[in-house]
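I am attaching a structure below and will ask some questions about it afterwards.
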Amino acid sequence: MHTQLPFTGTYTAIITPFKKGGKLDDAALERVVRAQVKGGVDGIVPVGTTGESPTLDYEEHVAVIKRSIEFAGGKIKVLAGTGGNSTSEAIYLTKMAKKAGADGSLQVAPYYNKPTQEGLFQHFKAIASASDLPLVLYSIPGRCGIEIGIDTVKRLADACPTIVGIKEAGGNADRVSQLRAAMGERFTILSGDDSLTLPFMSVGAHGVISVASNVIPKEVSQMVKAFASGKADAALKLHTKFYPMFKDLFIETNPVPVKAALAMLGLCEEEYRLPLVPMSARNRDVLKATLKACGVLK
């Protein structure tokens, strides 16, 4: 399965568990990471969007990366979320992730400040120049207000050998085809949406950075492996079974539903940091019913 590429298969964008009052919950983080190892995923992504990274201070951010690496115990890869809308912050966090022993870094497009494509190029180039950690770009226009253009991705990969892939969360399979055509086989493309993993893989993506695999690591991993090894029917069966859950984990803003689901399964407290708040009672009932229908909750 594209063995020459460093990050393929299933990577779980893990939650950051908090205790009551908002402190980091180390014991719950260990449970979450160990469940991922046991579920057979290829790697985890701590402190991405799903890890509530905007509300963690520098010290907490680094602590979660360090602990995640420790709990993974070298059994799965750790792709640390170290992006930011400030280039100096992203450089600092990426250097700290490298020091902690991360296998790579996920670099989200700067959000809110809306740089031009030239600004994006300079931002990611500066991060790549400051550390030799392999970098995976992350294009999610729905959250960032900008897309990392295909020409910019190509320019970055040509200029920076450590930029090795992209998490594509623009909801468009056409763009995956365009990326594959522009980048050739040397560049990893990962789906950023669980419901689009199979469509994206059918046109050249190599796997997923998944939210759903927080809840069903084994099943998402099996689905991705099945498709990659030519067993499209088996992959489609899993996709069809869990599709309602893939959708309902986004019934409210991520990571609120996935944290609620993990709390229902007893893996963590249902604690968020403002401005995120618990799910509405109505949506919680919808999610619970879906988890039961998919066989995830008894």
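The values are calculated or read from the model by the stated rules, or taken from the named source; none is laboratory data. Just so it is clear, the model here is predicted, and its values are computed rather than measured. We place every Cβ from the backbone using ideal geometry, glycine too, and count neighbours over all the protein chains shown. These accessible areas exclude ligands, DNA and RNA; they are computed on the full protein's heavy atoms, side chains included. Shrake-Rupley method; radii C 1.70, N 1.55, O 1.52, S 1.80 Å.
If you roll a 1.4 Å probe over the chain with all protein chains in place, what percent of the accessible area is carbon or sulfur?
54 percent
If the only charges are +1 at each Lys and Arg Cβ and -1 at each Asp and Glu Cβ, what is the size of the charge dipole of the chain around the Cα centre, to the nearest 20 debye?
Value, rounded to 20: 620 debye.
Counting only DSSP beta bridges with both residues in the chain, what percent are antiparallel, rounded to the nearest 5?
5 percent
At what distance in angstrom do the alpha carbon centres of region 17-59 and region 107-149 lie from each other?
Each part's Cα centre sits 23 Å from the other's.
Now for a separate question. Would you mind getting the accessible area per residue of the chain, heavy atoms of the protein chains only, 1.4 Å probe, in Å²?
41 Å²
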